[in-house]
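Shown next, in structure tokens, is the structure this report addresses.
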Amino acid sequence: MTKIKICGLKRPEDIQAVNEAKPDFAGFVIEVSKSRRNVSAEQVRELVKGLAEQTEAVGVFVNAPLELVAGLLKDGTLALAQLHGGEDEAYIRELRQMTDKPLIQAFSIRTKADIERALQSTADYLLLDQGDGGTGRCFDWSLVPELSRPFFLAGGLSVVNLSEAISQVKPWAVDLSSSLETDGVKDPAKIQAAVEMVRTLETGSR
């Protein structure tokens, strides 16, 4: 049963679209100034108040202060934290001492060595990405072996290749962002179509 995460939400309209589509996870890029999808901690707290209960909020962080990550997890704003920078095992250990909420660690996959490096992570979930973020490009899926631990597949996923990605790579979850936008903002129709496609693949119906 493949799960789906819609990432890069930043407007109340995005929350409404997600509530209608009912994905498993909603992602927020928090305090990452270089990202056009960046939102502040205060904005996330407000946005999450409107999020439907069945969709878990994921905070995406890039080398953020531990206190910021742990604070948003401990106050119930976020259900999970995604570490998308150069965070190491020492960072994860310290974060574990501050919160018991699940952690996702992202890795750029260009070679088999990148897969091996990812598998050393003690995070609860891996996220395997193309690496440049928001480019709409995929990485070479043949690099991904059959993994026994749960992982998110990201990078260049859209309704065009979702079925192939799930069939070939067999991820625990898929993560979509840029392909669900029109003119730089999330498109409710595209979000709905992506979630429906994953649900259809889950049930094995057409």
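Observations, loosely collected:
- Pairwise FRET efficiency - residue 67 versus residue 1, Cβ, R0 = 35 Å, nearest 0.05: 0.50
- Other residues whose C-beta falls under 14 angstrom from the C-beta of residue 96 contribute a net charge of -3, scoring Lys and Arg +1 and Asp and Glu -1.
- Along principal axes, Cα extents of segment 3-203, largest first, whole Å: 40, 39, 31
- Ordering of 8-19, 33-44 by packing [mean C-beta count within 10 Å, highest first]: 8-19, 33-44
- Using only side-chain charges placed at the Cβ, +1 for Lys and Arg and -1 for Asp and Glu, the dipole size of the chain relative to its Cα centre rounds to 200 debye.
- Under 23 Å from residue 22, Cα to Cα: lysines that are on another chain or at least 8 residues apart: 3, 5, 10, 49, 101, 170, 186, 190
- Note on residue 202 and residue 98: their simple-model spin labels are 3.2 nm apart, each label 7 Å out from Cα toward Cβ.
- Seen from residue 121, the other residues with C-beta closer than 10 Å to its C-beta sum to a net charge of -2, counting Lys and Arg as +1 and Asp and Glu as -1.
- Bridges between two residues of segment 3-203, per DSSP, are antiparallel at a rate of about 5%.
- Here the calculated FRET efficiency for residue 19 and residue 179, from their Cβ-Cβ distance with R0 = 25 Å, stands at 0.80, rounded to the nearest 0.05.
- In the chain, the DSSP-assigned H stretches of four residues or longer account for a calculated mean residue ellipticity at 222 nm of -10000 deg cm²/dmol, using -39500 (n - 2.57) per stretch and the full residue count as denominator.
- All-pairs alpha carbon distance profile, segment 84-206, 5 Å steps from 0, percent: 2, 10, 20, 21, 18, 14, 10, 4, 1, 0
Quick note: the coordinates plus some simple rules give every number you see, no bench work behind them. No experiment lies behind these values; they were computed from the predicted model shown. We place every Cβ from the backbone using ideal geometry, glycine too, and count neighbours over all the protein chains shown.
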